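Taking it in order: structure first as structure tokens, then the write-up.
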Amino acid sequence: MVDQTEVSAAADRIRISGDNEVSTYLEIAEAREPGQLLTPAPNAPEAVVVIDYGSQYSMLIARRIREANVYSELVPWNAGPEALSHLRVKGFVLSGGPASVYAPGAPTLPPYVLASGLPVLGICYGMQLLTHSLGGRVAPSSSREYGHAVITVSDPENPLLDGLPAALPVWMSHGDRIIDLPPGFRAIAHSENSPVAVMANGTGYLGLQFHPEVVHTTEGDHLLRNFLTRIAGCAADWTPASFVEESITTITEQVGGGRVICALSGGVDSAVAATLVHRAVGDQLTCIFVDNGLLRAEEAERVVSTFREHMAINLIHLEARERFIGELGGITDPERKRRTIGETFIHVFEEEAARLGEVDFIVQGTTYPDVIESASTGSAAAKIKTHHNVGGLPPDMRLSLVEPLRNLFKDEVRRAGKELGLADEIVYRQPFPGPGLAIRVIGEVTAQKLNVLRRCDWIVMDEVKRAAVYYELWQAFAVLTDTRTVGVQGDFRTYGFCVALRCVTAEDAMTADWARLPYDLLARISSRIVNEVPEVNRVVYDITSKPPGTIEWE
Ligand code: XMP
């Protein structure tokens, strides 16, 4: 619990700002209500919490803070203080967002933020909200300001701007701007269109009219680091290794003596999640690996040898190939395929889990992009993702979730995996979709077509690895189209499958570009496929970016 001296200190701080005494006092008073104050967890890592107002960059802020070696999580603006109870909060960042502070129903500042007396950095909407809450005024800009701008520092003495050049490029994105600073505040940097590009009140409340978290703000990391260390007083000693240790402690506490199951897919997310849980609770964990017949060549063997033999994790290897192929018979619609695979997975998984007897928890390798995808595309998408990645949660199983990677991006998951000692083979593996090769066989999925595709896929992997471009590509794979084309081999006319190659580069899978692979490599892949896989007589290269294309063909 924050003690009353801290609350009074916060109130005093705000009282300095004069005009706004009444409303902020009300907020403080409201915050005195039990349940509205923060309860810092004494042994938890120091954290700076990002309050999310819906900007597309919100999670990026948390990630940048973690890159500056301070633990950070994102919480929705309307969550109660209990969402922070596992953290030792040292400060807040208020994210940007699409709303305008005066709009009806606009998101507000949670009372615990000011009541905590901790430093606050508002970014764009966050800055306007801070201004509005502390008695300043915000109005729509006459000209909206988006994109590159240059700000000029007018108070280089301010710890936030310490060590920064006098003029720096920033990335602006705002429709509203500040017309009256809250009492006690000063503009400490300006741009041509924003007289208040940076504001500060000298007691730990600051605002930025631009985005420090995006790469275009070249000194953004420096600025955030100043906030974290110089203003919020963080020790900045958090590392991915601390993440691993802290997760193990959290999982141990959460699970206690309970029994845990995990659906292992062979991908990096479930591998890292399972390994963390195994470190925490050892043999209380049982992993279930379902061989659905939609995997790459030698994949099942690899998963079994890695997890059962090398890592000594309890692993159940379920061979369900025929069941999946049987269920997929006659289905050509991509969505029905996905649904069928998801449902079959759940049945198989559920039957096995039931055999295990009493189980209390299920591990999911959910990462932050999955959380976003589920939230932004609604429950149907969430369901698909759940089914395909983790087998879903059968309602009558009533298992509690263990999701240790929920706040991490893929590269952070990879760093945690390295920290846990997982092999590069697993950690840097290209993503592979839950529904597997089924969404790369266009039209009906049959055992014969899967077999053809598996051999093509093997050649693509082999050549891409030999050419040492595997790690540069987000994904490289073959698609078995449902187009047949005429060819000539020797003296014979053939009528074979046309295979498409899909090789993309990406930072995350939200956007992607087709890889400019060397022609020699493409030539080798093509000639090996048509020579080694007799059912295929033509190979084409997909040169579509995402958007407008997707990565998978489905
Ligand atoms: P698209 O085709 O939408 O794919 O551009 C984006 C990324 O997601 C992968 N993908 C999936 N991964 N379960 C997964 O775990 C799925 O159901 C699924 N569908 C697509 C795809 O391989 C690409 O990396």
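The values are calculated or read from the model by the stated rules, or taken from the named source; none is laboratory data. Since we're looking at a predicted model, the values are computed, not measured. Every residue, glycine as well, gets a Cβ built from its backbone with ideal geometry; the counts of neighbours run over all protein chains shown. Accessible surface areas use protein heavy atoms only, side chains included; no ligands, DNA or RNA. Shrake-Rupley method; radii C 1.70, N 1.55, O 1.52, S 1.80 Å.
With farther than 25 Å from Leu405 by Cα and surrounded by fewer than 18 Cβ atoms within 10 Å (Cβ to Cβ) as the only criterion, which of Glu350, Glu301 stands out? On inspection, the qualifying residue turns out to be Glu301. Counting only helices (runs of 4 or more DSSP H) wholly contained in the stretch 201-313, the ones carrying 3 or more residues that are under 30 Å from Gly147 (Cβ atoms) and under 22 Å from the mean Cα position of the chain (by Cα) occupy 220-225. Being more than 21 Å from Val89 (Cα to Cα) and open to solvent by less than 30 Å² (accessible area, probe 1.4 Å) holds for only one residue in Val244, Val198, and it is Val198. Within the set Arg429, Arg440, the sole residue that is in contact with a helix residue (DSSP H, G or I) (Cβ under 8 Å, 6 or more places away or on another chain), within 16 Å of the ligand (Cβ to nearest atom), touching a residue at least 40 places away in the same chain (Cβ under 8 Å) and open to solvent by less than 10 Å² (accessible area, probe 1.4 Å) turns out to be Arg440.
Would you confirm whether or not the stretch 221-235 contains a residue that is surrounded by fewer than 23 Cβ atoms within 10 Å (Cβ to Cβ), in contact with a Cys (Cβ under 6 Å, 6 or more places away or on another chain) and aliphatic (A, V, I, L, M)? No: zero hits. Identify the residue in the stretch 443-461 that is hydrophobic (A, V, I, L, M, F, W, C) and surrounded by fewer than 20 Cβ atoms within 10 Å (Cβ to Cβ) and, among all such residues, is nearest to the ligand (Cβ to nearest atom). Only one residue tops the list, namely Met461. When Ala320 is tested against (1) within 16 Å of the ligand (Cβ to nearest atom); (2) under 28 Å from Met461 (Cβ atoms); (3) touching a helix residue (DSSP H, G or I) at 6+ places or on another chain (Cβ under 7 Å); (4) open to solvent by less than 40 Å² (accessible area, probe 1.4 Å), just one condition goes unmet, and that condition is (1). Cβ-Cβ distance below 9 Å, separation of 6 or more or different chains: which pairs start in the stretch 507-527 with a residue that is within 24 Å of Glu412 (Cα to Cα) and assigned to a strand (DSSP E or B) and end on one that is open to solvent by less than 50 Å² (accessible area, probe 1.4 Å) and aliphatic (A, V, I, L, M)? Note: pairs meeting the criteria are Ala512/Val504; Ala512/Ala506; Ala512/Ile551; Asp513/Val504; Asp513/Ala506. Looking across the stretch 325-367, the residues that are in a helix (DSSP H, G or I) and touching a strand residue (DSSP E or B) at 6+ places or on another chain (Cβ under 8 Å) come down to Phe345, Val348, Phe349, Glu352, Ala353. Scanning the stretch 534-553 for residues that are within 11 Å of the ligand (Cβ to nearest atom) and open to solvent by less than 50 Å² (accessible area, probe 1.4 Å), we see that the one that is nearest to Asn451 (Cα to Cα) is Glu552.
Kindly provide the set of residues from the stretch 148-184 that are outside any loop (DSSP other than H, G, I, E, B), charged (D, E, K, R) and surrounded by fewer than 21 Cβ atoms within 10 Å (Cβ to Cβ), ordered by number. Asp180 - this is the single residue of the stretch 148-184 that is outside any loop (DSSP other than H, G, I, E, B), charged (D, E, K, R) and surrounded by fewer than 21 Cβ atoms within 10 Å (Cβ to Cβ). If you filter the stretch 91-106 down to residues that are modelled with pLDDT under 95 and within 27 Å of the chain's Cα centre (by Cα), you find that the one that is most open to solvent (accessible area, probe 1.4 Å) is Pro98. I'd like the full set of residues that are in contact with a Phe, Trp or Tyr (Cβ under 7 Å, 6 or more places away or on another chain) and either open to solvent by 40 Å² or more (accessible area, probe 1.4 Å) or more than 16 Å from the ligand (Cβ to nearest atom) (or both), limited to the stretch 462-478. Across the stretch 462-478, the qualifying residue is only Tyr471. Can you find even one residue in the stretch 394-406 that is of a type in the set (A, V, I, L, M), more than 16 Å from the ligand (Cβ to nearest atom) and closer than 19 Å to Ile529 by Cβ? Checked the stretch 394-406: no residue is of a type in the set (A, V, I, L, M), more than 16 Å from the ligand (Cβ to nearest atom) and closer than 19 Å to Ile529 by Cβ. Restricting attention to the stretch 480-533, the residues being crowded, with 19+ Cβ neighbours inside 10 Å, within 20 Å of Tyr428 (Cα to Cα) and within 16 Å of the ligand (Cβ to nearest atom) number 5. Among the criteria (1) under 34 Å from the mean Cα position of the chain (by Cα); (2) modelled with pLDDT under 95, the one Leu521 does not fulfil is (2).
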